[in-house]
Amino acid sequence: MFRRAAASFGRVATGLAGVQVAAAATVALTDKELSKKPEWYQIAVRSIEDALKRTSKYGYIESGATLEESYEALAKVSDIHNTEIQWRIARILFEKAELSKNHTEILHLLHEAKDHAKKALAVEPAKGSAGAHKWYALILSRLAKLEKNSEYETEAFKHLEKAVTVDPKDPYALHLLGVQQYNNKDYSAAVATLQKAEAIKAGFSASNLYYLGAAQKAAGKKNDAITNLKAAVQAHPKNRFDGKARSSAKNALAGLGLKPEEYEVKDL
Ligand SMILES: *[C@@H]1O[C@H](CO)[C@@H](O)[C@H](O)[C@H]1NC(C)=O
């Protein structure tokens with residue numbers, strides 16, 4: 001019966017601002033038409049709609065409950081070869097892996113995520129799917145570390161570049177690309193990319209400020225580096241990466257000869 005719910009994906013698509021979902025949609029239902037359908041059908045369509053919206057967000061989803069709920073809804077349409085559905089399933093599996101502490105489970109989830117991201121890319125529309133490239137890159141990058149596979153790392157980089165070309169307004173994708181550029185010691189590119197992310201959403205991540213400062217430090221721009229590293233220390237941590245960014249920023253500032261009282265946030 002969920003196949004039938006899935007057939008109404010056209011309606012689901014219309015509820016998503018800025019996200020175009022096409023291929024799987026054969027029937028486009030209006031709100032009025034949907035209201036005439038049996039209750040189970042309406043519930044199924046709405047739960048898929050909600051899951052699609054929740055998983056459209058650029059930043060990380062750190063709630064295990066939200067991930068589970070979204071996964072349950074999208075699993076019902078996981079056999080549909082549609083980019084928008086497949087990359088969202090891939091990101092959920094990736095983010096579930098991020099929350100897991102069990103190595104076997106992490107690898108299992110990441111490989112499953114990779115399969116879905118590949119499916120997303122296989123049916124990618126001509127204009128490109130930033131989500132598919134971004135999450136495929138993140139999955140590969142994580143697998144590269146866990147399986148010590150440097151080809152994955154190279155591949156991940158290409159997909160991140162593609163993601164920001166398709167959607168230059170995603171500060172998180174720009175941040176991830178900037179970090180890779182920094183790791184590749186391409187400091188001027190890293191500064192430019194991380195600044196773009198900052199321009200879209202200033203202070204969205206302590207990690208972005210840290211890498212921006214670190215790249216500026218490496219590029220010899222000491223004053224800019226100090227400004228951004230201080231901002232990284234003082235930013236309110238928003239996710240699990242920000243705490244680490246803060247302590248790295250403190251180390252970098254100490255390396256530049258600053259004393260703790262020059263950058264620590266004062267306890268009131
Ligand atoms: C880790 O995950 C695997 C696969 O899901 C499972 O079989 C195993 O029991 C888990 N181990 C622990 C310690 O939870």
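Pairs are defined by a Cβ separation below 7 Å, a sequence spacing of at least 6 or placement on different chains, a first member in region 81-105 that is more than 18 Å from residue 53 (Cβ to Cβ) and touching a residue at least 24 places away in the same chain (Cβ under 8 Å), and a second member that is within 15 Å of the ligand (Cβ to nearest atom) and aromatic (Phe, Trp, Tyr); no pair meets this definition. Is there a residue in region 109-118 that is within 16 Å of the ligand (Cβ to nearest atom) and in contact with a Ser or Thr (Cβ under 9 Å, 6 or more places away or on another chain)? Among the residues of region 109-118, at least one is within 16 Å of the ligand (Cβ to nearest atom) and in contact with a Ser or Thr (Cβ under 9 Å, 6 or more places away or on another chain), which makes the answer yes.
Residue 90 meets all of the listed conditions (1) within 16 Å of the ligand (Cβ to nearest atom); (2) of a type outside the set (S, T, N, Q); (3) within 30 Å of residue 41 (Cβ to Cβ) but one, namely (1).
Determine if region 88-106 includes at least one residue that is over 23 Å from residue 172 (Cβ atoms), β-branched (Val, Ile, Thr) and at pLDDT below 90. No.
Condition check: closer than 29 Å to residue 197 by Cα, within 16 Å of the ligand (Cβ to nearest atom) and within 15 Å of the chain's Cα centre (by Cα). Does residue 57 satisfy that? So residue 57 does not fit the description; no.
Scan region 209-256 for residues that are of a type in the set (A, V, I, L, M) and part of a loop (DSSP other than H, G, I, E, B) and jot them down. Result: 219, 235, 256.
The values are calculated or read from the model by the stated rules, or taken from the named source; none is laboratory data. Since the model is a prediction, treat every value here as computed from it, not as a measurement. Every residue, glycine among them, receives a Cβ derived from its backbone with ideal geometry; neighbour counts consider all protein chains shown.
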